[in-house]
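Accompanying notes for the structure given below.
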Amino acid sequence: MRFLHLVLASLTAGILVGRFFSSDFGNAYEIMLYILIFVIGADLGLNFNAEELRRVGRKALTLPFLTLTGSILGGLLAALILGIEPRWGLAIGAGCGWYSLTGPLIAQYSAVYGAVGFLGNLLREILTITFYPLVTQKIGPEKAVVMGGATTMDTTLPIITKFGGREVALVAFVHGFILTAVVPFLVPLILSL
C-alpha cells in the first residue's frame, strides 16, 4: 500500500511540475522515457538466453489477442450500458490505452467521442501505473500485463518490469509492440463501419 501512495504522489508531482513549469523542462519527460526504455532493453538483452526467449514467445503472442478482444468487448458493453452507438464504444475500446492516437482519430468523426476516447484510454494508463502492483498479487504479473494495453512497450514498462520481473518485461514489450502496430489500423476501420 505504501507503493500506491508513492505512485500517486509522483503522479501528482508530475502533473504540477508539468502544469507550472512546462516551458522550463521542454521535452524532458520524453527524454526520460527513452532513457527508461533503453535501460530496460539493455537489461533484457544482457540477461536473456535463447531458451527464455522461446518460452516467452507463445505467451507474448497470445496476450495481445486477448487484450484486444477484451478491450473491444468492454467498449461494446460500455456502449450498450450507456445507450450510445456501438461503434463509438468499439473504437474507444480498440484504442487499448493509446490515448494520444485514439482521441485524435475518433475526433475526426466526433469531437465529443474523441475527448471520451482520449480520457478513457488515458485513464487506462494511469490505472495500470497505479494498480499493476496490486493486481499482480491477485492474478499474477504476466496476466496483469493486459491491463496496460499498448502502453506496455513504453510508459507502463518500467512499473511492469519492477513488479513483474525480466521475463514479464519481455512479454509486456512484445505485447505493447503488437498492439501499437494494430491500433492505428483497427480504430479507423471500426469508425468507417
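Between Phe177 and Ser100, the FRET efficiency from the beta-carbon distance, with R0 = 25 Å, is close to 0.95. Once the C-beta distance of Gln108 and Leu6 is scaled by a Förster radius of 30 Å, the resulting FRET efficiency is 0.20 to the nearest 0.05.
Rounded, prolate or oblate: which one fits the range 103-166, using the alpha carbon gyration tensor with axes a ≥ b ≥ c (rounded when a/c is under 1.5, else prolate when a/b beats b/c, else oblate)? It is prolate, given that a/c is not under 1.5 and a/b is the larger ratio.
Using a/c under 1.5 as the rounded threshold, could you call the range 134-193 rounded, prolate or oblate? The axes a ≥ b ≥ c are square roots of the C-alpha gyration tensor eigenvalues, and prolate needs a/b larger than b/c, oblate otherwise. Kindly include the intermediate steps, with their values, before the conclusion.
Details: a/c = 3.22, a/b = 2.14, b/c = 1.50.
The shape class here is prolate.
Modelled label positions at Phe38 and Ala115, each set 7 Å beyond Cα in the direction of Cβ, lie 3.9 nm from each other.
Extending 7 Å from Cα along the Cβ direction at Phe20 and again at Ile84 yields two label points whose distance is 3.4 nm. Taking a ≥ b ≥ c as the square roots of the eigenvalues of the Cα gyration tensor of the range 64-159, is the shape rounded (a/c under 1.5), prolate (a/b larger than b/c) or oblate? Judged from the Cα gyration tensor, the range 64-159 comes out prolate (a/c at least 1.5, a/b above b/c). Ranking Val182, Val171 by solvent-accessible area of protein heavy atoms (1.4 Å probe, all protein chains present), from largest to smallest, gives Val182, Val171.
The values are calculated or read from the model by the stated rules, or taken from the named source; none is laboratory data. All values reported here derive from a predicted model rather than from experimental measurement. Ideal geometry is used to build each Cβ from the backbone, glycine not excepted, and the neighbour counts take in all protein chains shown. These area figures cover heavy atoms from the full protein model, side chains too; ligands, DNA and RNA do not enter into them. Shrake-Rupley method; radii C 1.70, N 1.55, O 1.52, S 1.80 Å.
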